[in-house]
Amino acid sequence: MTTARRKHSAGRAGHRSLGRVLRDRDAALCLCGVVVSGFGTSALWLAAGVWVKDLTGSDGLAALCMLAMWAPTLVGPALGTLADRVRRRPLLVATGPLMACLLLTLFAVDSRDTLWLLFAVLLVYGAAGVVHDAAESALVAAAVDPGLLGDFNGLRMTANEGMKLVAPPAGAGLYAAYGGPSVALLDAATFVLATGVYAALRVREAPPERPTENWRRRTAEGARHLWGRPGLRPLVLAGGVTMLCAGVNGATAYAVVALGHSPAYAGALYAVQGAGSVVVGLLAGPALRRLGGRRFAVAGIVLLATALAVRAAPYDAVALGTSAAIGAGLPAVLVAALTAVQHETPGPLLGRVTATANSLLFTPNVLGLAAGAALVETVDLRLTMPALGAVLLATATTLARCPMAAAPSDGRTERP
C-alpha cells in the first residue's frame, strides 16, 4: 500500500472512530463534559502561576501552583475510594457546583497576604480532580458501549490536548485583561456547564455496595486488583516509566530550544507536539482493535524512544519532527492502559483502581520534571536524551515480552 493510501485509510479510520462515538448519545455527552471541564482547568493552571508571579515576583512560588494541583495524586488510591462509595453520576453532578463556589472565593486574593487562599483552593481543586477523574472513568465504563471505550479514550486524549492548545492562551489573555478572578470565574462557569452535561446522561447505575471493610482495606483492594491482573500490571508500569521519561524530557524543553532559538520557540514545539497527540487520539480506537492494547502501547513507546534519542540534534527539522513524534507516541500507552483498566475491572472497584492507575501513571511525571530540572544543569543534553531513549526501548521490549497483556478494546483475548 502506498504512503498516500495508508494516510487516506488512517484518516477514514479516524473519521469513523469520531462518528461512532458522536452517534452514541451518552458517549457524546461524556466527551462534551471532558472538553468543557478540560478547558477551564487548562486555563486556570497557567493563569494561577502568572497570578502568583505578579503578586510575589517569585518563580519558585509560581511553580508551587502546579505542585499544589498535582500533589493529591500521591494519595489517589485513597481518594478514589470515595468514587466507589456513591453512584458516580450524582457525585459528578454535585461536585460541579461545589467547585464553582470554591473558585469564587478567589475574588478575595488581591495581595501576597491572601495568597494562602489561592494555594488552598488549588490543593482542594487537585483532590477533587482525582475523585472526579475516578468517578468519570467509572461512569464512562457504564455509559459507553464496551466496543467504543478505546475510541472514546482516544478522543478524550484528543480533546484534552486540543484544550491545552487553546485554553492556556485564552486564560492568559483573560488574565491580562481582567485579572486572576476573571479566570476563576471562567473555570467556575465550566464546572456549571459540565454539571448540566452529566445531569443529562441516561445511565442506570447499580447502588454502591455497602462497605464491609475499613477505609484502608477498601483502598488496598483496588491496588491488589491492579497488581494481581497480568493484563493490567505490565501496561500500567510501562506507562509509569514512560511518563517518568516524558517528565525528564519536559524539563529539558528550553535546553532543546537553546540550540539556536529564542525561548519563544518552545511554543511552536508544544503546538506541534499537541497536534501529534490530536492525530493519535483520533486513530486510537481503530488501532486498539487492530493491534490490541499491548502492541499499541509498545508501538507508541518505541516511537517516543526514537524521538527522544535524536532530539538533541541542533536542527529545526529534528526539533519539529521529534516534537510531533513525542506527541504521537506518548498517548498510546496511556490510552491502552486506561482502556484496559475499564475493561478488566468490576464496576464496584473501578473508582479505586482508576485512581490507583492514575497515581502510578502520572506521579512519575512530576518526579521526572524534578529530576530533569536537576539533570539539565549538570549533564550534557547529548547524553541525557539518548539515555532516555534507551530506557524507553528497554521498557517497550519488556512489555512486548510479557506472556499476558491487556485485552484490546473489543474485549477479545489479545493475540500473542
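A compact table of results
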| read-out | value |
| --- | --- |
| Computed label-point distance, nm, for sites Ala373 and Ala28 using a 7 Å Cα→Cβ extension | 4.4 |
| Spin-label model distance (nm) - Leu185 vs Arg85, 7 Å beyond Cα toward Cβ | 3.5 |
| Which of Leu67, Phe119, Ala275, positive extreme of dipole for the chain (C-beta unit charges) | Ala275 |
| Globularity ratio of the range 216-408, using Cα Rg and 2.2 N^0.38 Å | 1.05 |
| Given 14 as the ceiling on other Cβ atoms within 10 Å, longest exposed-site-free region of the chain for trypsin sites (Lys or Arg not before Pro) in DSSP loops | 1-201 |
| Paramagnetic reach from Arg233 (point 7 Å along Cα→Cβ, amide N under 18 Å) across the range 346-371 | 346, 353-354, 356-361 |
| Computed lengthening from Leu67 to Asp380, 0.36 nm per intervening residue step minus Cα-Cα distance | 110.0 nm |
| In order through the range 337-342: 3J(HN,Hα) via Karplus (6.51 cos²θ - 1.76 cosθ + 1.60), integer Hz, x for Gly, Pro | 5, 5, 5, 5, 4, 5 |
| Relative contact order computed over the chain (Cα-Cα under 8 Å; 6+ residues apart), in percent | 26 |
| Expected 222 nm ellipticity per residue - DSSP helices of 4 or more, -39500 (n - 2.57), all of the chain, to 500 | -27500 deg cm²/dmol |
| From phi via Karplus (6.51, -1.76, 1.60), per-residue ³J(HN,Hα) for the range 286-295 in Hz, x at Gly/Pro | x, 5, 5, 5, 7, 9, x, x, 5, 5 |
| Tyr315 versus Val75: modelled label distance in nm, points set 7 Å from Cα along the beta carbon direction | 5.1 |
| For the range 265-334 versus the range 137-155, the gap between their alpha-carbon centres in whole angstrom | 23 |
| Computed magnitude of the charge dipole of the range 216-408 (debye, nearest 20; Cβ of K, R +1, Cβ of D, E -1) | 880 |
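Every read-out reported here was derived from the displayed coordinates using simple, explicitly stated rules and does not represent laboratory data. Because the structure is predicted, anything quoted here is derived from the model rather than measured. Cβ coordinates were reconstructed from backbone atoms using ideal geometry, including for glycine residues, and neighbour counts include every protein chain displayed.
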